[in-house]
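*Asks:* My questions all concern the structure below.
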Amino acid sequence: MNVAWDLVAWRSDHERVEIAVLDREDIAKVRGYFDRGDDVWMYNVYPVPNTVLPRIADLIPEGRLDPRLEHSIEARQDLPGGEP
């Protein structure tokens, strides 16, 4: 599947900051913490509650997320070669 998930933070000035790109294995580890309805693979935008931030932080090398910021996981198409 040609999907990537971006972990992003939103700053108070509405600036979107990409923190990490998550792969399918990462999403498989954390998707149970989200209310996805019938969206099994999280093909939408999902806000990350502060209670889930430590579990998401385990997926990224830096391992630190700022609980003062709004975080979300956003799916996007990721085709070979970057084509639309």
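*Asks:* Over the heavy atoms of Asp78, what accessible area does a 1.4 Å probe trace out, to the nearest 10 Å²?
*Replies:* Asp78 has an accessible surface of roughly 70 Å² with all protein chains in place.
*Asks:* What is the magnitude of the charge dipole of the stretch 30-84 about its Cα centre, with +1 placed on the Cβ of each Lys and Arg, -1 on the Cβ of each Asp and Glu, and no other charges, expressed in debye to the nearest 20?
*Replies:* 200
*Asks:* Given a 1.4 angstrom probe, I'd like the percentage of the accessible area of the chain that is carbon and sulfur, rounded to a whole number.
*Replies:* Here carbon and sulfur together make up 48 percent of the probe-accessible area.
*Asks:* Sum -39500 (n - 2.57) across every DSSP H segment of at least 4 residues in the chain, then divide by the residue count to get the 222 nm mean residue ellipticity, nearest 500.
*Replies:* Mean residue ellipticity, 222 nm, calculated: -3000 deg cm²/dmol.
*Asks:* Right, something else. Which whole-number value in Å² is the accessible area per residue of the chain, probe 1.4 Å?
*Replies:* 66
*Asks:* Once you mark the trypsin sites (Lys or Arg not before Pro) that are in a DSSP loop and have at most 13 other Cβ atoms within 10 Å, what is the longest gap between them in the chain?
*Replies:* 12-63
*Asks:* At a Förster distance of 22 Å, what's the computed FRET efficiency of Arg76 paired with Ala28, Cβ-Cβ distance as r, to 0.05?
*Replies:* After rounding to 0.05, the efficiency reads 0.80.
*Asks:* Please compute the Kirkwood hydrodynamic radius over the chain, one decimal place, Å, based on all pairs of different Cα atoms.
*Replies:* Taking the inverse mean of 1/r over all distinct Cα pairs, the chain comes out at 13.3 Å.
The values are calculated or read from the model by the stated rules, or taken from the named source; none is laboratory data. For clarity, every value in this text was computed on a predicted model and none was experimentally measured. Positions of Cβ are backbone-derived with ideal geometry, glycine not excepted, and every protein chain shown enters the neighbour counts. Surface areas here come from the heavy atoms of the whole protein model, side chains and all, with no ligands, DNA or RNA. Shrake-Rupley method; radii C 1.70, N 1.55, O 1.52, S 1.80 Å.
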